[in-house]
């Protein structure tokens, strides 16, 4: 009898303990759940919009924007994905904030770190971004996020920190670009070893896309306009370019160049064409085409090699070729004399 009573008392104590535990959990769970939900709330709309605007106004180059997001905890591959898809900086910022929204409290912390990283600058992150627009965008973000501006005593220290942050972003962007160019140089050699012409052509097109992206040039991969096949397109210095990509053993014929010129001239006035051919056209062919059209520039395999070796950047090469065509009427201005000069 005593044994049964003790067993009953023990069971009762365990039940009472379990009941108290369950009651405590019922009280605690909503509290903790509320905290988690609060932490995972998306950024307020004014802050979000100000941050997106700052992404587009503070940076001219997407590479710097990538480094800023990376410094705040966003994987570089997540940013590169939207760069490769051809999104502009405002869109990249918006898409990444949406992605971080899906990551709950951790994503919200990263969003706050992005704000702090942006406000660690006091103006444009690179030389080509507009200083006035960059400063205004940062001030709007500061006000929207409820961050206090530094007082007069802190101003000098904050300015020095901003210069360091800007220099650090540029250094890391340059290092990442150098690694990309090195990888592209290896790919270029691999493509050269491909014997099948069609397979080589298929490999060449994504290579060009990645080469242009490495220099922060928006590049559209091959597409069709009606029955017309366009190998690529990009925009540089306010001009739109169509691309014809050729990796063949023979130089382009007059028909090849003229057909491409007709594609270019069928687009909006002011559009230029860039034929990238491993074998440069013969001088007499270029003269023949120049008598009929001056809408096509030519870049050959040696030009591409100089870019991959780092002796001249791709934007510099494009500027030189366009300048020579505009001022001298030269459709194929080799980069060799430009590099030597």
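Coordinate-derived values only; no laboratory data. Values in this document were obtained by computation on a predicted structure and should not be read as measured data. Cβ sites come from the backbone with ideal geometry, for glycine too, and all protein chains shown count toward neighbours.
In terms of packing, defined here as the mean over residues of other Cβ atoms within 10 angstrom, the peptides 115-122, 62-69, 150-157, 102-109 line up highest first as 62-69, 115-122, 102-109, 150-157. Entry note, segment 45-176: relative contact order of 36 percent, from Cα contacts under 8 Å with a spacing of 6+ residues. On the beta carbon distance between residue 190 and residue 154, with R0 = 56 Å, the FRET formula returns roughly 0.60. Each eigenvalue of the Cα gyration tensor of segment 194-340, multiplied by 5 and square-rooted, gives one semi-axis; in descending order these are 19, 19, 17 Å.
Overall shape: oblate for segment 170-268, with the ratio a/c of the largest to smallest alpha carbon gyration tensor axis at 1.5 or above and b/c at least equal to a/b. Can you work out the PRE-style zone for residue 312? Point 7 Å along Cα to Cβ, and I want the residues of segment 254-298 with backbone N under 18 Å. Correct set: 273-283, 296-298. Every helix of 4 or more DSSP H residues in the chain counts as -39500 (n - 2.57), and over all residues that averages to -21500 deg cm²/dmol at 222 nm. A simple packing score, the average count of other Cβ atoms within 10 Å per residue, orders the peptides 50-61, 190-201 as 50-61, 190-201, with the highest score first. Could you tell me how far the Cα centroid of segment 57-119 sits from the Cα centroid of segment 220-262, in Å? That distance is 33 Å. Compute the FRET efficiency between residue 218 and residue 98 as 1/(1 + (r/R0)^6), taking r as their Cβ-Cβ distance and R0 = 22 Å, and round to the nearest 0.05. The computed FRET efficiency comes out at 0.55.
Both the radius of gyration and Dmax for segment 102-211 are 21.1, 68 Å, in that order, over alpha-carbon atoms. With a cut-off of 13 Å on the backbone N, no residue of segment 257-281 is near the modelled label site 7 Å out from residue 227 along Cα-Cβ.
Once C-alpha pairs closer than 8 Å and six or more residues apart are averaged by separation and normalised to the residue number of the chain, the relative contact order reads 11 percent. Between residue 139 and residue 288, the modelled label-to-label distance comes to 6.2 nm, taking each label 7 Å out from Cα in the direction of the beta carbon.
Considering segment 68-161, its Cα convex hull presents a mean projected area of 6.9 nm². Across the chain, Cα-Cα distances exceeding 38 Å account for 38% of all pairs.
In segment 194-340, Cα pairs under 8 Å separated by at least six residues give a relative contact order of 17 percent.
Overall, the ratio between the Cα radius of gyration of segment 41-106 and 2.2 N^0.38 Å, rounded to two decimals, is 1.04.
Just the number, please: percent antiparallel of the DSSP beta bridges in the chain, rounded to the nearest 5. Close to 50 percent. Overall size of segment 263-339 from C-alpha positions, given as principal axis extents largest first: 35, 27, 22 Å.
On full extension, the segment bounded by residue 259 and residue 171 gains 27.4 nm, given 0.36 nm per residue less the C-alpha separation.
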